[in-house]
Amino acid sequence: MSRWTYAEMPDLTGKRAVVTGANSGIGLVEARELARHGADVVLAVRNTTAGEEAAQRIRRTGAAGAVSVEELDLASQASVAAFADRFDGPLDLLVNNAGVMTPPRYRETEDGFELQFGTNHLGHFALTGRLLPHLLEAPAARVTTVSSIAHHRGDGSVCEGNPRDGWDTQKAYGQSKLANLLFADELQRRAAAAGSSLTSTAAHPGVSATNLVTSKDGMGGMPVIGAVAGLGVKLLFPGPEKGAEGTVFAATAARPGTYSGPTGIGETRGPVGEARRSQWARDETLAGLLFDRSEELTGVRFSF
């Protein structure tokens with residue numbers, strides 16, 4: 001396929017979108033492009049001060065859509081519930097983008113889940129479920145969930161939720177990203193089985209020079225990596241402008257149930273296309289088990 005660019009995005013005037021983790025990096029670019037093409041975008045962020053600064057940056061580009069900021073901490077099921085309770089009216093597009101990557105030590109969310117599984121997967125799972133009534137109000141809503149090439153590190157034990165015993169930060173991150181991909185695929189299957197017009201897709205950014213790597217909540221919390229990662233990542237890998245392409249394509253143009261991302265050099269960069277799933281990511285039985293287990297853990301039920 002020819003290289004897809006933001007210029008090929010459809011007119012999104014009149015559409016409402018929510019992008020998690022939109023105050024910086026890939027999420028900021030995603031939100032900016034949606035707003036530039038007419039969508040009214042909610043930046044769902046943990047730090048609302050940074051969110052307001054990001055919103056101003058987007059507005060200064062001359063974005064056609066309105067941009068607003070709402071507090072959302074995906075490591076808190078109470079925060080997820082409060083965000084959904086505040087939301088009103090139909091929702092056309094939900095981009096499950098935010099995440100935490102490879103913290104230096106085992107940590108838990110306020111609900112007692114391992115940080116990466118609880119934030120990256122269960123936070124977005126609950127958010128999607130709680131916003132489902134609003135998504136179903138829209139004529140053709142889309143949910144796009146951001147996974148990673150790191151999902152290849154995940155395996156069939158993903159439903160265990162990264163227990164403390166034997167915990168390894170890289171493996172745990174991979175499990176959370178496998179969970180993201182399994183969730184996106186299972187959501188599409190369940191929506192289709194219910195006869196719903198809801199579309200679910202997944203995407204990954206390849207390897208991108210963003211503060212997800214340098215964050216003190218993730219790899220940046222390791223002294224050596226924190227000192228050199230910012231410069232090294234920027235020298236070696238493309239920035240968020242390119243990293244966001246796969247997600248924006250998945251959110252606005254990709255076919256239902258697809259997984260999109262860069263297609264060059266081990267999927268770390270390059271033109272957007274169909275991304276490769278691991279063996280476990282193709283396991284529909286595992287996806288169904290994870291979905292059911294996630295409903296049990298969060299108490300959020302999906303009803304079409």
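Overview of values
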| quantity | calculated |
| --- | --- |
| Every pair of residues 6+ apart whose Cβ atoms lie under 7 Å, when the first sits in the range 43-66 and is more than 19 Å from LEU12 (Cβ to Cβ) while the second is in a helix (DSSP H, G or I) and of a type outside the set (Lys, Arg) | VAL45/GLY51 |
| Answer residue from the range 251-270, given it is touching a residue at least 40 places away in the same chain (Cβ under 8 Å) and touching a Gly at 6+ places or on another chain (Cβ under 7 Å) and is farthest from GLU160 (Cα to Cα) among those | GLY270 |
| Meets criteria (modelled with pLDDT under 60, farther than 25 Å from GLU8 by Cβ, open to solvent by 40 Å² or more (accessible area, probe 1.4 Å) and assigned to a helix (DSSP H, G or I)) for VAL213 | no |
| Test: residue in the range 287-298 that is assigned to a helix (DSSP H, G or I), of a type in the set (D, E, K, R), touching a residue at least 12 places away in the same chain (Cβ under 8 Å) and in contact with a helix residue (DSSP H, G or I) (Cβ under 7 Å, 6 or more places away or on another chain) | yes |
| Selection status of ALA138, within 25 Å of ALA22 (Cβ to Cβ) and modelled with pLDDT of 95 or more | yes |
| Lone qualifier among SER278, SER260 - being closer than 25 Å to PRO10 by Cα and modelled with pLDDT of 95 or more | SER260 |
| Any hit, the range 154-173, residues being farther than 18 Å from PHE83 by Cβ, of a type in the set (A, V, I, L, M) and assigned to a helix (DSSP H, G or I) | yes |
| Every residue from the range 126-149 that is part of a helix (DSSP H, G or I), open to solvent by 10 Å² or more (accessible area, probe 1.4 Å) and under 23 Å from ALA244 (Cα atoms) | ILE149 |
| Pick from the range 77-115, criterion in a loop (DSSP other than H, G, I, E, B) and more than 27 Å from THR201 (Cβ to Cβ), ranking: least open to solvent (accessible area, probe 1.4 Å) | PRO103 |
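Residues are listed down the side, and each one gets a yes or a no for (1) open to solvent by 20 Å² or more (accessible area, probe 1.4 Å); (2) under 23 Å from SER147 (Cα atoms):
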| position | (1), (2) |
| --- | --- |
| ASN23 | yes, yes |
| ASP40 | yes, no |
| ARG46 | yes, yes |
| GLY51 | no, yes |
| ALA55 | no, no |
| ILE58 | no, no |
| GLY65 | no, no |
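Conditions tested, residue by residue: (1) closer than 24 Å to ARG301 by Cα; (2) acidic (Asp, Glu); (3) modelled with pLDDT of 95 or more.
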| position | (1), (2), (3) |
| --- | --- |
| ALA44 | yes, no, yes |
| ARG59 | no, no, yes |
| ALA84 | yes, no, yes |
| GLY89 | yes, no, yes |
| ASP92 | yes, yes, yes |
| ALA98 | yes, no, yes |
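The values are calculated or read from the model by the stated rules, or taken from the named source; none is laboratory data. Everything numeric in this text was worked out from a predicted model, so none of it was measured. Neighbour counts run over all protein chains shown; Cβ positions are idealised from the backbone, glycine included. All accessible areas refer to the heavy atoms of the entire protein, side chains included, with ligands and DNA or RNA removed. Shrake-Rupley method; radii C 1.70, N 1.55, O 1.52, S 1.80 Å.
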